[in-house]
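A short write-up of the structure that comes next.
The values are calculated or read from the model by the stated rules, or taken from the named source; none is laboratory data. Because the structure is predicted, anything quoted here is derived from the model rather than measured. A quick note on method: Cβ atoms are made from the backbone with ideal geometry, for glycine too, and the neighbour counts reach across all protein chains shown. Calculation scope for accessible area: heavy atoms of the full protein, side chains included, ligands and nucleic acids excluded. Shrake-Rupley method; radii C 1.70, N 1.55, O 1.52, S 1.80 Å.
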Amino acid sequence: MKSMHDDLTDAVNAVKALSMDAVQRANAGHPGAPLGLADAAAVLWTRFLRLDPDQPTWPDRDRFVLSNGHASMLLYSLLHLSGFGISMDDLRSFRQWGSHTAGHPEVDHGLGIETTTGPLGQGFATGVGMAIAEAHLRARLGHALVDHRTFGIVSDGDIMEGVATEAASLAGHLGLGRLVYLYDDNRITIDGATDITFSEDVAARFMAMGWHTVRVDGHDRQAVGDAIEDAIAVEDRPSLVLCRTRIAHGSPGKEGKASSHGAPLGEDEVAATREAIGWDHPPFTVPQDVYQYFSDAMARGRGARRAWEARRDSAFASDPAVADLWGALHEPGPVELRSPDFGDALATRAAGGKLFDQIAERLPGFIGGAADLAESTKTHITTSPSFGPDTPEGRNIHFGIREHAMGAAVNGMALHGGLRPYGATFFVFSDYMRPAVRLSALMGVPSIWVWTHDSVFLGEDGPTHQPIEHLASLRAMPNLWVVRPADATETVEAWELALNRHQGPTALVLGRQDVRTLQRPRGGVALGGYVLRDGSDLTLVGTGSEVALCLDAADLLAADGTEARVVSLPCWEAFAEQDASYRDDVLGTAPRLGVEAAASFGWERWVDDVHAIDHFGASAPARDIAIHLGFTPEAVAARAARMLGNG
Ligand SMILES: Cc1ncc(C[n+]2csc(CCOP(=O)(O)OP(=O)(O)O)c2C)c(N)n1
Ligand SMILES: [Mg+2]
């Protein structure tokens, strides 16, 4: 009869063997971290995590984030051994075309992958969003329905990245006590030992940010388990368990060496490691008692899931309002918005702001905030308090000046489930959150990005604040929908489009300055583009504030006998999805001139010529900028006339 200790050793060794074998077979991957983390990860998975392999998406499961996604074989091994849908064949086809076991898997809830990140630091910050979501939903639905934790493993690379520090600062400030990260403190990165780059006291830094920290020997399983237990008991602060580990632990020739980070150990070293750790099973072979050990450990999660279902059933039965709220949060129907009276002219950011309480009422999962610019972005739910340690039910999150962490945290809330989160800032600062935006697109997460002050017409703040290339560069990002509405009424539809899109993120690009409220029929934004005014000599195609400009230019052209059609093209991605016949009908057969106060890059897709700005802006009142850069009706009409050979 084996002792518990031996069973855990076998479990650790199985993780090590599967990880090094899969990397070896793929002849690509990262064996060092899985070997170095096998002890700590096996303790976390077998003693603490509440997961149910039979129901990987059970809502009250613990969340596990592998921020150092290069250690993906660690996660695949654990998922396989625990009985999730990762088969031995999947492990054999690690990193191969079409397999479930990609190099960096990002997300697959059905397989138990909550999120892992390729770009270091993102997982760390994404997990903070998951912890925000848990705290918030617990406050609104009660402990009986929401009562889980967010665990994660983070590495030197994660801890060094700025986004993690932004997120750690936010998590500490918010007192996210259900967040527990294990830090793989192996003091090795790709270029070698961290003494060439990284000499701060990480524990002291996190302590200063309001975290509970503890240092342990990451190979002392008892100590790791005790530290996790203590971290869980600390409910008012997030926890960082600094696990001092050795990369490629157990490998006689590679332990402690950076060369184990991102290359297979080699056949001989794999054999030597098997010998050293006392694992004599062939590659991709795990004895039944190891599976049994993991299965017994998963019984904790299975039991928790059943108990949760019982609590849910009785909560729903005793209080129909709770059942309704749960349903509205987790299975929201399509959203339709009422248009308030916008008056004759209104900035699109202000129009958006007028919708916030309505959206919040229709969509109980609507939550988010700005990076210290809520006043300017007009993103505030007046009917709800701010989210904080004493008011976790609040739906206004003050992210502080932490755009990058905001992006990742919004993704984390969206990944968590039950919420429809947004994050807001000035459009030019989308650059500061771009890696998180890219991951939202890559993972197909319906985060909503609200970016205001969308052009040079923000005026006096000058070129550092004036977006130029941002529309083009974000339109180039696959699966991100970029919507730049022309007026208040298009803004209503833009928000509807964003809220009803579930397969990926939507960016709402809104203006600072007033634009006149257009006379237009409802509909059109969801199609991406539509005809606002008909004409057969020329088609002017604009977005955002330039649509009204096109209409004014069309008036001038009409006075000279040229009938210009005006097309509003608020969302290129939606337009591209329409039938070619619809697109052709909208754009017409006459010469086409695009008008947009931004870089011309990409417009050749739709038009013959484009009136754009291919240089940085300037600091001046908006009307002077318009005159100097040629964004007046007269200048656009003149450009159109030249294009037609009449100028
Ligand atoms: C944002 C970002 N920059 C660079 C990389 C490339 N990269 C992958 S792992 C790594 C560092 C490895 O060090 P560590 O995080 O300590 O992992 P370990 O080698 O200890 O497993 C780097 C630079 C990345 N994945 N993401
Ligand atoms: Mg390291």
_How large is the Kirkwood hydrodynamic radius of region 524-647, counting all unique pairs of alpha carbons, in Å?_
14.5 Å
*Expressed as a whole number of Å, what is the distance separating the alpha-carbon centroids of region 147-198 and region 584-614?*
46 Å
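Taking a probe of 1.4 Å, how large is the accessible area per residue of the chain, in Å²?
Values: 23390 Å² over 647 residues.
Per residue, the chain has 36 Å² of solvent-accessible surface.
How big, in percent, is the set of alpha carbon pairs in region 475-517 lying more than 16 Å apart? Please list the in-between numbers first.
Working: 334 of 903 pairs.
When every Cα pair of region 475-517 is considered, 37 percent fall beyond 16 Å.
Quick one: what do you get for region 276-338 if you divide its Cα Rg by 2.2 N^0.38 Å?
Details: Rg = 21.9 Å, N = 63, 2.2 N^0.38 = 10.6 Å.
Cα Rg divided by the expected 2.2 N^0.38 Å: 2.06.
I'd like the FRET efficiency for ASP289 and GLU361, computed as 1/(1 + (r/R0)^6) with the beta carbon distance as r and R0 of 60 Å, rounded to 0.05.
Working: r = 55 Å, r/R0 = 0.92.
FRET efficiency, ASP289 to GLU361: 0.60.
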_Label-point gap, in nm, between ALA204 and SER600 - each point 7 angstrom along Cα→Cβ_ = 5.6 nm
*Rank SER376, VAL270, HIS109 by how far each Cα sits towards the positive end of the charge dipole of the chain (+1 on Lys, Arg Cβ; -1 on Asp, Glu Cβ) and give me just the farthest.*
HIS109
*Alpha carbon centre of region 358-413 versus region 1-77: separation in Å?*
35 Å
*Between HIS628 and ALA263, what is the label-to-label distance in nm when each label sits 7 Å out along the Cα-to-Cβ direction?*
5.5 nm
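Considering the convex hull of the alpha carbon atoms of region 5-64, report its projected area averaged over all viewing directions, in nm², one decimal. List each step's numbers first, then the result.
Working: hull surface 19.8 nm².
So the Cα hull casts an average projection of 5.0 nm².
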*Selection of trypsin sites (Lys or Arg not before Pro), region 334-375, meeting DSSP coil and at most 16 other Cβ within 10 Å*: ARG338
_Equivalent ellipsoid, region 259-391 (semi-axes from 5 times Cα gyration tensor eigenvalues, Å)_ = 53, 27, 13
*How far is the Cα center of region 538-582 from the Cα center of region 430-503, in Å?*
20 Å
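In region 441-506, what is the volume of the convex hull around the alpha carbon atoms, normalised per residue and reported in Å³? Before the final figure, lay out the partial values.
Working: hull volume 5.5 nm³, N = 66.
It is 84 Å³ per residue.
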_About the Cα centre, charge dipole magnitude for the chain (Lys/Arg +1, Asp/Glu -1 at Cβ), debye_ = 600 debye
*Pop out the carbon and sulfur fraction of the accessible area of the chain as a percent, whole number, probe 1.4 Å.*
50 percent
*In nm, to one decimal, how far is the modelled label at THR391 from the one at ILE196, with both set 7 Å along Cα→Cβ?*
5.0 nm
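From the gyration tensor of the Cα coordinates in region 92-144, what semi-axes in whole Å does the equivalent ellipsoid have, largest first, with each one equal to sqrt(5λ)? Mind showing how you got there, number by number?
Numbers: eigenvalues 176, 40, 6 Å².
In descending order, the three semi-axes are 30, 14, 5 Å.
How would region 243-282 be classified by its alpha-carbon gyration tensor: rounded, prolate or oblate, with rounded meaning a/c under 1.5 and the a/b versus b/c comparison settling the rest? Working shown, then result.
Working: a/c = 2.44, a/b = 1.39, b/c = 1.76.
Taking the square roots of the gyration eigenvalues as a ≥ b ≥ c, region 243-282 is oblate.
Taking the Cα centre of region 184-341 as the origin, how large is its charge dipole in debye, to the nearest 20, when only Lys and Arg (+1) and Asp and Glu (-1) carry charge on their Cβ atoms? Show your work: numbers first, answer last.
Details: 17 positive and 28 negative charges, 30 e Å.
That gives region 184-341 a dipole magnitude of about 140 debye.
Direction-averaged shadow area of the convex hull around the Cα atoms of region 206-301, nm²?
On the way: hull surface 34.7 nm².
Here the figure is 8.7 nm², rounded to one decimal.
Among the chymotrypsin sites (Phe, Trp or Tyr not before Pro) in region 61-143, which ones are in a DSSP loop with at most 12 other Cβ atoms within 10 Å of the Cβ? Mind listing them?
Qualifying residues, ordered by number: TRP97.
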*Amide H of ILE113: which non-local residues (sequence gap of 5 or more, or other chain) have their own amide H closer than 5 Å, using H built in the peptide plane?*
ASP108
_12 Å beta-carbon shell around GLN222, net charge (K/R +1, D/E -1)_ = -3
*For region 81-197, what D do you get in µm² per second when you plug the Kirkwood radius from alpha-carbon pairs into Stokes-Einstein at 25 °C and 0.890 mPa s?*
152 µm²/s
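If you take the beta carbon distance between ASP560 and ASP313 as r and set R0 to 51 Å, what does 1/(1 + (r/R0)^6) give as a FRET efficiency, to the nearest 0.05? Show your work: numbers first, answer last.
On the way: r = 72 Å, r/R0 = 1.42.
Computed FRET efficiency for ASP560 and ASP313: 0.10.
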*asked:* Filter the chain for me: DSSP H helices, axial length by Cα at least 27 angstrom, mean Kyte-Doolittle hydropathy not below 1.6. List them by residue number.
replied: none
_Furthest towards positive pole of dipole, ALA40, ALA436, ALA488, structure part the chain, Cβ charges_ = ALA40
*Intensity falloff of region 1-117 expressed as log10 I(q)/I(0), Debye formula with alpha-carbon point scatterers, at q = 0.10, 0.12 Å⁻¹*: -0.26, -0.38
*Picking from ALA580, ALA558, ALA526, whose Cα lies most toward the positive end of the charge dipole for region 521-595 (charges on Cβ: Lys, Arg +1; Asp, Glu -1)?*
ALA526
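Would you please report the Å³ per residue occupied by the convex hull of the alpha carbon atoms in region 359-429? Mind dumping the intermediate values first?
Working: hull volume 6.3 nm³, N = 71.
About 89 Å³ per residue, rounded to a whole number.
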*Write down the Kirkwood hydrodynamic radius of region 352-511, to one decimal in angstroms, obtained as one divided by the mean of 1/r over all alpha carbon pairs.*
15.4 Å
*Per residue, how much space in cubic angstrom lies within the convex hull of the C-alpha atoms of the chain?*
159 Å³
*Could you pull the Rg and Dmax for region 322-393, using just the Cα atoms, both in Å?*
13.9, 42
